[in-house]
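Derivation of every value follows stated rules applied to the coordinates shown; laboratory data play no part. As the structure is a computational prediction, the values presented were derived from the model and not from experiment. Here the Cβ positions follow ideal geometry from the backbone for every residue, glycine too, while neighbour counts run over all protein chains shown.
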Amino acid sequence: MNFSKEYIKIVKPILEHPEFIKRKEYKHHERESVYEHSLIVSYNSYKIAKMLGLDYKSAAIGGLLHDFYRYPWQLTDQQRKELQIPPSKKGFFNQHGFTHARDAMLNAREKFPELMNKKIENIILRHMFPLTPIPPKYREGWIVTYVDKYKSMNVLKSPKELPKYIGVKRKNKKRK
Ligand SMILES: [Fe+2]
Ligand SMILES: [Fe+2]
């Protein structure tokens with residue numbers, strides 16, 4: 001993908017940050033890293049926002065950080081223990097699909113305080129709508145939410161993939 005100079009200028013501090021670079025190792029889907037996915041969502045959101053005369057800067061940053069949650073969600077409890085990461089909370093609504101948006105927003109606030117504004121925080125926090133019930137507050141948030149769904153759907157091969165897409169772990173089948 002050829003990124004415009006203007007876009008690169010906006011997102012450079014994020015792309016160069018070691019914490020963001022780590023996302024090259026986080027899997028979003030089988031063949032795509034969180035890094036690649038976030039970049040695609042960000043650039044497309046930026047272009048749409050610009051075309052519509054909206055706040056393309058917030059769309060670019062919000063898009064890039066929308067999945068900036070702290071730890072790869074696919075880790076098992078054992079792997080988390082080995083990496084000295086706190087165990088994941090139990091319960092259906094504590095699963096990745098429902099919680100990572102808030103985690104990403106808090107992490108973004110912590111790592112990039114100088115880039116945040118209310119709109120960007122809301123873009124990140126609400127991007128999982130309608131899986132999470134509160135919709136984005138700003139039009140730029142709707143763009144990111146839509147682009148994220150659209151780009152994620154591209155890798156949906158069958159209904160079996162749905163739990164992975166929405167970030168819910170499947171229970172192991174009970175042994176008889
Ligand atoms: Fe997400
Ligand atoms: Fe995403």
Next on the checklist: At 4 °C and a viscosity of 1.567 mPa s, what translational diffusion coefficient does Stokes-Einstein give for region 42-113, taking Rh as the Kirkwood radius over Cα pairs? Give it in µm²/s as a whole number.
Outcome noted: 93
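With contacts defined as alpha carbon pairs under 8 Å and 6 or more residues apart, what's the relative contact order of the chain in percent? Present the calculation step by step, with values, prior to reporting the outcome.
On the way: 219 pairs, mean separation 37.4, N = 176.
Relative contact order, the chain: 21 percent.
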Checklist entry - How much space per residue, in cubic angstrom, does the convex hull of the C-alpha atoms of the chain take up? => result 131
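What ranking, highest mean first, results for peptides 140-150, 123-133, 7-17 when packing means the other Cβ atoms within 10 Å averaged over each residue? Mind dumping the intermediate values first?
Details: 140-150: 22.5, 123-133: 20.8, 7-17: 15.1.
Going from most to least packed, we get 140-150, 123-133, 7-17.
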Next on the checklist: Using amide H atoms built in the peptide plane, which far-off residues or other-chain residues are under 5 Å from residue 95 H to H?
Outcome noted: none
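Answer rounded, prolate or oblate for region 1-46, using the Cα gyration tensor with square roots of eigenvalues a ≥ b ≥ c: rounded when a/c is under 1.5, else prolate when a/b is larger than b/c, else oblate.
Working: a/c = 2.76, a/b = 1.40, b/c = 1.98.
Since a/c reaches 1.5 but b/c is at least a/b, the shape of region 1-46 is classed as oblate.
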